[in-house]
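Have a look at the structure below, then the notes.
The values are calculated or read from the model by the stated rules, or taken from the named source; none is laboratory data. This is a predicted model, so every value here is computed, not measured. Cβ atoms come from the backbone with ideal geometry, glycine included; neighbour counts cover every protein chain shown. In case anyone asks, the SASA skips ligands and DNA or RNA and just uses the protein heavy atoms, side chains included. Shrake-Rupley method; radii C 1.70, N 1.55, O 1.52, S 1.80 Å.
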Amino acid sequence: MQGGAAELARQVRAITATGFRPDVLVATDMVNLAALLGLARDALPGSMHTVLYMHENQLTYPGRHRPDRSLPLVNWLSQLAADHIVFNSTFHRDDWFAHLPHLLANVPDLPETASVPLLQVRSAVLPIGLDFPAATPSAVRQDGPLHILWNHRWEQDKRPDRFCALLHRLHDAGIPFKVSFAGEPGAHTPPAMVSAREQLDEHIDHWGYLDSRADYWELLYRADLVVSTTDHEFFGLSVLEALGSGAMPLLPHGFSYPELIPERWHATCLYRNADDLYDRVGKLAGTNTRAPAALVRHIRRRFSWPAVAAAYDEWLDNLGSPGTS
């Protein structure tokens, strides 16, 4: 975030040197857009729109509460530099703007809280699209115990300790289940997951990274239930992938989840606390119930790339002059 703009500016200059004249430049929140434009703006057309896409942010992301405010300020400066700001969910947009005044008010000699409403006016919400398989995966859904899926990042903010505590509780109660952990362990596998692999080996159906996208989708298709125990969620890609494959979601009643799941299914899919989650999983263990077919169809219609791309195209086509919302 601090230095990448220099390399991106070199690439922008190389592209524009070929004669290419972009109508829109889209940068993600991991780019210092203000620095990028400072280094490359003279190579870009004055009529070009700049869009900052906020997939996450460095202010409200768990673990970011520390004295160093430099990275959240990069996000803020990038928003100031952008003509338009897009968030991946309404929750993310509201969460950012709720906390931004506190950041700006506590930076010495920086009376910039007045910029917040100006940035809000420039903001929109457009979700991320997913590449759902067009055809049903070749995997055959197997009879047997409830198949629980973990397909989130193997990092502490996703709270694998809570997920593994649920598994231990099911095991101790004699409730039959099997579990698949999909993903990359990274440099350090969370201790709770290491313990779960050692102590719950009899329940583990899959562990680790899948070599192909097709193998990943087949695993999702075999799963009965996807559980999130996260401390935050700006969007929820992995949950939508599993839900679009038919897995029943059990998700915290908060973050972005209530806007991903239509209200008619909130009572079915959103839980309140650890005991509520445990009770719901225990009930499902006796039925292996998967997601309602109507909910799966809704998720596929709403979040598949053909639908989402059309919404992006319409939004881009309707952009006003640079500097307007």
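Just to verify a result, which residue in region 133-170, among those that are surrounded by fewer than 19 Cβ atoms within 10 Å (Cβ to Cβ) and in contact with a Phe, Trp or Tyr (Cβ under 8 Å, 6 or more places away or on another chain), is modelled with the lowest pLDDT? Step through it out loud before you land on a result.
Step one: of region 133-170, the residues surrounded by fewer than 19 Cβ atoms within 10 Å (Cβ to Cβ) are 133-145, 153, 155-157, 161-162, 165, 168-169.
Right, trim to in contact with a Phe, Trp or Tyr (Cβ under 8 Å, 6 or more places away or on another chain) and you get 133, 136-137, 139, 141, 145, 157, 169.
Numbers: P133: 90, T136: 65, P137: 64, A139: 59, R141: 68, P145: 95, D157: 91, R169: 98.
Filtering region 133-170 for residues that are surrounded by fewer than 19 Cβ atoms within 10 Å (Cβ to Cβ) and in contact with a Phe, Trp or Tyr (Cβ under 8 Å, 6 or more places away or on another chain), the one modelled with the lowest pLDDT comes out as A139.
Out of all the residues in region 253-307, which are touching a His at 6+ places or on another chain (Cβ under 6 Å) and farther than 26 Å from R159 by Cα?
Once the filter is applied, which keeps residues that are touching a His at 6+ places or on another chain (Cβ under 6 Å) and farther than 26 Å from R159 by Cα, region 253-307 yields nothing.
Could you please find all residues in region 242-270 being open to solvent by 10 Å² or more (accessible area, probe 1.4 Å) and assigned to a helix (DSSP H, G or I)?
Correct list: P258, E259, E263, R264, W265, H266, A267, T268.
Has region 116-129 got any residue that is under 25 Å from A310 (Cα atoms), assigned to a loop (DSSP other than H, G, I, E, B) and open to solvent by 30 Å² or more (accessible area, probe 1.4 Å)?
Yes: region 116-129 contains one or more residues that are under 25 Å from A310 (Cα atoms), assigned to a loop (DSSP other than H, G, I, E, B) and open to solvent by 30 Å² or more (accessible area, probe 1.4 Å).
For H102, state whether it is at pLDDT 95 or above and not in a loop (DSSP other than H, G, I, E, B).
Here the answer is no, as H102 does not meet what is asked.
Which one is nearest to the chain's Cα centre (by Cα), of the residues in region 290-304 that are touching a residue at least 60 places away in the same chain (Cβ under 8 Å) and not in a helix (DSSP H, G or I)?
Looking at the filtered set, the residue picked out is S304.
Identify the single condition in (1) in contact (Cβ under 8 Å) with a residue 24 or more places away in the chain; (2) out of contact with any Lys or Arg (no Cβ under 7 Å at 6 or more places or on another chain); (3) more than 18 Å from G4 (Cα to Cα); (4) polar (S, T, N, Q) that T113 does not satisfy, given that it satisfies every other one.
(1)
Go through G186, G174 for me and flag whichever is open to solvent by 20 Å² or more (accessible area, probe 1.4 Å) and closer than 25 Å to S212 by Cα.
G186
Specify which of the listed residues (L71, L37) is at pLDDT 95 or above and either part of a helix (DSSP H, G or I) or open to solvent by less than 70 Å² (accessible area, probe 1.4 Å) (or both).
L37
How many of the residues making up region 189-230 are in a loop (DSSP other than H, G, I, E, B) and open to solvent by 60 Å² or more (accessible area, probe 1.4 Å)? Working first, answer last.
So the first thing to find is which residues in region 189-230 are in a loop (DSSP other than H, G, I, E, B), and the list is 189-190, 200, 209-212, 223-224, 228-230.
Right, trim to open to solvent by 60 Å² or more (accessible area, probe 1.4 Å) and you get 209, 211.
Count: 2.
What number goes with the only condition from (1) open to solvent by less than 60 Å² (accessible area, probe 1.4 Å); (2) out of contact with any helix residue (DSSP H, G or I) (no Cβ under 7 Å at 6 or more places or on another chain) that D94 does not pass?
(1)
Looking at the structure I just gave you, is D29 more than 23 Å from the chain's Cα centre (by Cα) and among the acidic types (D, E)?
no
Kindly provide the set of residues from region 279-289 that are out of contact with any strand residue (DSSP E or B) (no Cβ under 9 Å at 6 or more places or on another chain) and in contact (Cβ under 8 Å) with a residue 40 or more places away in the chain, ordered by number.
First, the residues of region 279-289 that are out of contact with any strand residue (DSSP E or B) (no Cβ under 9 Å at 6 or more places or on another chain): 282-283.
Of everything in region 279-289, just one residue is out of contact with any strand residue (DSSP E or B) (no Cβ under 9 Å at 6 or more places or on another chain) and in contact (Cβ under 8 Å) with a residue 40 or more places away in the chain, namely G282.
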